[in-house]
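Everything on this sheet refers to the single structure shown next.
The values are calculated or read from the model by the stated rules, or taken from the named source; none is laboratory data. Because the structure is predicted, anything quoted here is derived from the model rather than measured. Ideal geometry is used to build each Cβ from the backbone, glycine not excepted, and the neighbour counts take in all protein chains shown. Calculation scope for accessible area: heavy atoms of the full protein, side chains included, ligands and nucleic acids excluded. Shrake-Rupley method; radii C 1.70, N 1.55, O 1.52, S 1.80 Å.
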Amino acid sequence: MHGFRSRAAGKQMRLDKDKFYVNLDVKHFSPEELKVKVLGDMIEIHGKHEERQDEHGFIAREFSRKYRIPDDVDPLSITSSLSLDGVLTVSAPRKQSDVPERSIPITREDKPAIAGAQRK
């Protein structure tokens, strides 16, 4: 029976502080058999291969996955890559919504904040 389970089930979607990414196990597919598309606010990943022989007989595989693109990710910045061991990664940087951190220098004044207060 294990020839029927999609290997694309080994998936992981992550949102880190500075990036969004999806990892998919697609080792049964060649790059030509995979498609990654952006449709509005969704990423669609599709894989399909025709019938071929494996150790159990003949098998054809197809999968389709959709992921919502987070609001703070620019769809135009999405990239994808395929590793040697068959992991497809789709990723994009997250927009930094928080203002960059900066240190504010503290100046020393020689007068009290409250008029009439005396330094002891």
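When the residues of region 38-71 are filtered to those that are under 14 Å from the mean Cα position of the chain (by Cα) and open to solvent by 80 Å² or more (accessible area, probe 1.4 Å), which remaining residue is nearest to G86 (Cα to Cα)?
Here the residue is K66.
Per-residue answers, yes or no, for (1) among the charged types (D, E, K, R); (2) in contact with a Lys or Arg (Cβ under 9 Å, 6 or more places away or on another chain); (3) in contact (Cβ under 8 Å) with a residue 60 or more places away in the chain:
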site: G40; (1), (2), (3): no, no, no
site: K48; (1), (2), (3): yes, yes, no
site: E55; (1), (2), (3): yes, no, no
site: F63; (1), (2), (3): no, yes, no
site: D72; (1), (2), (3): yes, yes, no
site: I78; (1), (2), (3): no, no, no
site: S81; (1), (2), (3): no, no, no
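Can you find a residue that is modelled with pLDDT of 90 or more and surrounded by 12 or more Cβ atoms within 10 Å (Cβ to Cβ) anywhere in region 94-103?
Checking region 94-103: at least one residue is modelled with pLDDT of 90 or more and surrounded by 12 or more Cβ atoms within 10 Å (Cβ to Cβ).
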